[in-house]
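Novice: Before I ask anything, let me first share the structure, which is written out below as structure tokens.
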Ligand code: BES
Ligand code: ZN
Ligand code: ZN
């Protein structure tokens, strides 16, 4: 898909189809009203209708902004793909309103995505050319074009993240993730360091090391750095990159294992953000740290009852090898804080707990941390970018659930109560005192992977976390 902003008169632009957003049928021309009345088009539904004679694709949409508008454009582009049209035009001034280019383009690019790499009968996607018309808008062409380039950078990163998540575990393992990081680094002038298992052992990262022990694939610790001139501050992003989570010896059920390729979503989101910073001319130094590991079974697997010493010296009693993400993140958080001084913000992204899905559903990111101000700031970024977050509160009583009789803490509590929060509190053991209020834990277990399509997400990886984080960074002073 190719999207361009055109200065010409809208009527002069040649196309196979134009997208018309219908808020109120009565506001349309008499001719268009007649067309839509004949088919009982309902502007308050999610109707779409293509009229062959006028080459108009009518799309119902009751609110002309944000998620409503994005969803309307995603329905439009799916219809256009199914008709195999090649040239599309959109007037950004419709219904007596200027449609925000961000909403229109996010809807189009994210809605058009589907993962066809493994389909043998390739009905080749036709290359679609979309012309956006800017003639009647108040904003000047150049500043609109910058907005277009920014949203294209963001949405293509989201789709890249979706591709990573959707790639099956046979083809995507820690080294693959490291290779992607190297490629992203080359394309965006980032520093890139990849550490293997020898490094993990030498540096006391036994929690992360042990999770990957039974896999035939070596674990990789990925560290990308974006360094602008005279950075305004430092941001650290840490991601859970479980390229597959079988549960380990505390094996998942057959049904529970399906889709566990999505357990790399947190790390993938971090790669997605790192892939966009240069295009957005970010003024902050940003570190992207991913623990890429495969959690498998076998004679060399780590076991329930093992006690692991993390990088900061804390000992962890393993009670469940399926609570592996927190072990990987524990060491990655320690590594991040040992390697980066004077951190301003530290966020971790992880498909950490099934309990988060039970609590918040399949769309909402569970957010935890010690600073109400920071949580509110992230909530605002989520609202502005079209992601959903829900705050799960820490309290003074829950940490007791992590007590171990034999080590400092357990990796899995004996009761299921507050499963996402106790996972967040487990991670808190690996956050240094000076960083407590700078840290947020984002549990994307539900939002990262669509078991059935919703909004502009098709089945599979959604790219959860990327847009929200970029919005957060953009709004920093
Ligand atoms: N990767 C899973 C969490 C998950 C579940 C992600 C469903 C996406 C969809 C995680 O490693 C896990 O297995 N967590 C356990 C923790 C438990 C053993 C304390 C869980 O949620 O059951
Ligand atoms: Zn697990
Ligand atoms: Zn997991």
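Since every read-out is calculated from the coordinates, none of them should be taken as a lab result. No experiment lies behind these values; they were computed from the predicted model shown. Note that we place each Cβ from the backbone using ideal geometry, even for glycine, and neighbour counts take in every protein chain shown.
Novice: For helix 372-385, report the angle its Cα long axis makes with the longest principal axis of the Cα atoms of the chain; keep it between 0 and 90° and round to the nearest 10°.
Specialist: 30 degrees
Novice: Further, regarding this structure: If we sort 240-251, 418-429, 218-229 on the protection proxy, mean other Cβ atoms within 10 Å, highest first, what's the order?
Specialist: 240-251, 418-429, 218-229
Novice: Next question, about the same structure. Can you give the Rg/Rh ratio of segment 93-141, where Rg is from the C-alpha atoms and Rh is the Kirkwood radius?
Specialist: Details: Rg = 15.6 Å, Rh = 13.6 Å.
My calculation of the ratio gives 1.14.
Novice: Compute and list, largest first, the equivalent-ellipsoid semi-axes of segment 367-469 from the alpha carbon gyration tensor, each √(5λ) rounded to a whole angstrom.
Specialist: So the equivalent ellipsoid measures 28, 18, 10 Å along its semi-axes.
Novice: What is segment 183-260's relative contact order, in percent, from Cα pairs under 8 angstrom and six or more apart in sequence? Kindly include the intermediate steps, with their values, before the conclusion.
Specialist: Numbers: 49 pairs, mean separation 22.1, N = 78.
With pairs under 8 Å counted, the relative contact order is 28 percent.
Novice: Let me ask something else about it. Hey, how many Å between the Cα centroid of segment 363-425 and the Cα centroid of segment 153-227?
Specialist: Cα centroid to Cα centroid, the span is 25 Å.
Novice: Treating the angle as unsigned and between 0 and 90°, give the value, to the nearest 10°, between the Cα long axis of helix 325-339 and the longest Cα principal axis of the chain.
Specialist: 90 degrees
Novice: Taking the Cα-to-Cβ direction at residue 121 and at residue 153 and moving 7 Å from each Cα, how far apart do the two end points lie in nm?
Specialist: A separation of 4.2 nm, rounded to one decimal place.
Novice: While we're here: For helix 265-274, what angle does its Cα long axis make with the longest principal axis of the chain, in degrees from 0 to 90 and rounded to 10?
Specialist: Tilt relative to the chain: about 60 degrees.
Novice: Report the antiparallel proportion of the DSSP beta bridges in the chain as a percent, rounded to a multiple of 5. Spell out each step's value before the answer.
Specialist: Working: 29 of 73 bridges.
Taking every DSSP beta bridge with both residues in the chain, the antiparallel ones total about 40 percent.
Novice: Remind me, relative contact order of segment 185-334 in percent, using alpha carbon pairs under 8 angstrom and six or more residues apart? Intermediate values should be presented prior to the final figure.
Specialist: Working: 344 pairs, mean separation 52.8, N = 150.
The normalised contact order for segment 185-334 reaches 35 percent.
Novice: Separate question: Does the chain come out rounded, prolate or oblate by the C-alpha gyration tensor, with a ≥ b ≥ c the root eigenvalues, rounded set by a/c under 1.5 and, if not, prolate when a/b is larger than b/c and oblate if not?
Specialist: Values: a/c = 2.12, a/b = 1.94, b/c = 1.09.
Prolate, since a/c reaches 1.5 and a/b exceeds b/c.
Novice: Which of rounded, prolate or oblate describes segment 251-317 when judged by the alpha-carbon gyration tensor and an a/c cut-off of 1.5? Present the calculation step by step, with values, prior to reporting the outcome.
Specialist: Numbers: a/c = 4.01, a/b = 1.63, b/c = 2.47.
Cα axes put segment 251-317 in the oblate bin.
Novice: When the helix-only estimate is applied to the chain (DSSP H runs of n ≥ 4, each -39,500 (n - 2.57), divided by the residue count), what is the mean residue ellipticity at 222 nm, nearest 500 deg cm²/dmol? Display every interim value, and only then the final one.
Specialist: On the way: 14 runs with 161 residues, N = 477.
It comes out at -10500 deg cm²/dmol, rounded to the nearest 500.
Novice: Is the shape of segment 95-198 best called rounded, prolate or oblate, per the rule: a/c under 1.5 gives rounded, else a/b larger than b/c gives prolate, else oblate, with a ≥ b ≥ c the square roots of the Cα gyration tensor eigenvalues? Could the numbers behind the result be given before it?
Specialist: Numbers: a/c = 3.45, a/b = 1.68, b/c = 2.05.
Oblate, because a/c is 1.5 or more while a/b does not exceed b/c.
Novice: Report relative contact order for the chain in percent, whole number only (criteria: Cα-Cα under 8 Å, sequence separation at least 6). Mind dumping the intermediate values first?
Specialist: On the way: 1049 pairs, mean separation 71.9, N = 477.
Relative contact order for the chain comes out at 15 percent.
Novice: Next up: Take the eigenvalues of the Cα gyration tensor for segment 355-421, scale each by 5, and report the square roots as semi-axes in whole Å, largest first. Walk me through the numbers before you get to the answer.
Specialist: Details: eigenvalues 150, 41, 13 Å².
After scaling each eigenvalue by five and taking roots: 27, 14, 8 Å.
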